[in-house]
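Undergrad: To start, I am sharing the structure in question, which I have written as structure tokens.
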Amino acid sequence: MAVPPNQLRWDPLSVPAVPTDFIEGLVPMAGNGSPDAHAGCAIYLFAANRSMQRRFFYDADGEMLIVPQQGALILDTELGRIHLSPQEITVIPRGLRFRVDLPNGEARGYICENFGAPFKLPDLGPIGSNGLANARDFLVPRARYEDLDEPCELIGKFTGGLWAAKMDHSPLDVVAWHGNNAPYKYDLRRFNTMGSISYDHPDPSIFLVLHSPSDLAGTSNIDFVVFSPRAG
């Protein structure tokens with residue numbers, strides 16, 4: 001089927017009528033490239049009404065940018081806990097194990113699975129050092145471990161398929177971590193949109209939060225933009 005050149009939009013998913021956790025509630029909507037090519041992305045919607053119960057997930061195909069639209073999420077990762085609410089985003093690195101709990105009982109939102117270079121802040125160019133999203137506003141969790149010696153299920157995504165393995169303990173038993181390959185979150189209400197005073201706006205886009213660069217100069221693998229971060 002030929003892809004149309006028009007912009008496409010989807011309504012949010014309905015909250016499931018039967019118990020559904022984060023993994024069960026993932027619905028693929030679009031994509032390009034592939035994990036094998038280390039380029040492109042996949043777009044998902046998710047809707048869930050049950051916390052992951054002794055189930056854990058990791059994505060070997062790419063990092064996951066999670067954007068909640070309704071309901072809060074608690075992400076317990078190998079490197080610590082992240083509380084996430086609408087108008088915030090989080091990025092989970094490739095291969096990092098995590099679990100999603102729903103403190104409000106249900107949640108839905110969007111996910112961008114990045115097969116290419118990791119997301120980073122754009123080079124600001126003429127904007128200067130204080131514009132768009134500032135590095136100081138990106139938060140990483142404190143180390144936290146889970147000492148649970150009970151049967152657990154670990155689900156991995158690899159080359160587009162899901163694989164499951166049984167474990168006799170929680171995989172979140174990492175007591176400390178070192179380095180900068182960590183999950184992080186960002187509050188979109190801290191984003192500073194830059195205005196234009198002439199016929200065009202500065203480069204990069206005045207709405208660009210994060211981007212995944214490509215090998216082709218001047219072209220991104222993914223651009224994540226926000227148009228109204230302070231909207232209710």
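Undergrad: Could you identify the single residue in G116, G109, G105, G125 that is farther than 24 Å from E78 by Cβ and touching a residue at least 60 places away in the same chain (Cβ under 8 Å)?
TA: G125
Undergrad: Give the residue, chosen from R144, R94, R99, R108, that is open to solvent by 10 Å² or more (accessible area, probe 1.4 Å), of a type in the set (D, E, K, R) and over 16 Å from the mean Cα position of the chain (by Cα).
TA: On the way: R94 fails: over 16 Å from the mean Cα position of the chain (by Cα); R99 fails: over 16 Å from the mean Cα position of the chain (by Cα); R108 fails: over 16 Å from the mean Cα position of the chain (by Cα).
Among R144, R94, R99, R108, only R144 is open to solvent by 10 Å² or more (accessible area, probe 1.4 Å), of a type in the set (D, E, K, R) and over 16 Å from the mean Cα position of the chain (by Cα).
Undergrad: Kindly list the number of the only condition in (1) within 23 Å of A60 (Cβ to Cβ); (2) open to solvent by 20 Å² or more (accessible area, probe 1.4 Å); (3) small (G, A, S) that fails for G80.
TA: Going through (1) within 23 Å of A60 (Cβ to Cβ); (2) open to solvent by 20 Å² or more (accessible area, probe 1.4 Å); (3) small (G, A, S) one by one, G80 breaks only (2).
Undergrad: How many residues are of a type in the set (A, V, I, L, M, F, W, C), open to solvent by less than 30 Å² (accessible area, probe 1.4 Å) and under 19 Å from V67 (Cα atoms) if we restrict to the stretch 111-141?
TA: The number of residues fulfilling the criteria is 6.
Undergrad: Taking the condition closer than 23 Å to I155 by Cα and in a loop (DSSP other than H, G, I, E, B), does P5 pass? Break it down into steps so the answer makes sense when it comes.
TA: Working: closer than 23 Å to I155 by Cα: no; in a loop (DSSP other than H, G, I, E, B): yes.
When the stated conditions are applied, P5 does not pass them.
Undergrad: I would also like to ask the following. Can you find a residue in the stretch 40-56 that is within 17 Å of the chain's Cα centre (by Cα), closer than 30 Å to A176 by Cβ and touching a residue at least 24 places away in the same chain (Cβ under 8 Å)?
TA: Our first condition is that a residue be within 17 Å of the chain's Cα centre (by Cα); within the stretch 40-56, this holds for 40-48, 56.
From what's left, closer than 30 Å to A176 by Cβ: 56.
Then keep just the ones that are touching a residue at least 24 places away in the same chain (Cβ under 8 Å); that gives 56.
Checked the stretch 40-56: at least one residue is within 17 Å of the chain's Cα centre (by Cα), closer than 30 Å to A176 by Cβ and touching a residue at least 24 places away in the same chain (Cβ under 8 Å).
Undergrad: Residue by residue through the stretch 1-26, note down the ones that are modelled with pLDDT of 95 or more, open to solvent by 50 Å² or more (accessible area, probe 1.4 Å) and under 20 Å from the mean Cα position of the chain (by Cα).
TA: Residue satisfying the conditions is E24 alone.
Undergrad: Look at A42 and say whether it is among the aliphatic types (A, V, I, L, M), modelled with pLDDT of 95 or more, within 22 Å of W163 (Cβ to Cβ) and part of a strand (DSSP E or B).
TA: yes
The values are calculated or read from the model by the stated rules, or taken from the named source; none is laboratory data. A quick note: this is a predicted structure, and the numbers were derived from the prediction, not measured. Note that we place each Cβ from the backbone using ideal geometry, even for glycine, and neighbour counts take in every protein chain shown. Ligands, DNA and RNA are stripped out before the accessible areas are found, and what is left, the full protein with its side chains, is counted by its heavy atoms. Shrake-Rupley method; radii C 1.70, N 1.55, O 1.52, S 1.80 Å.
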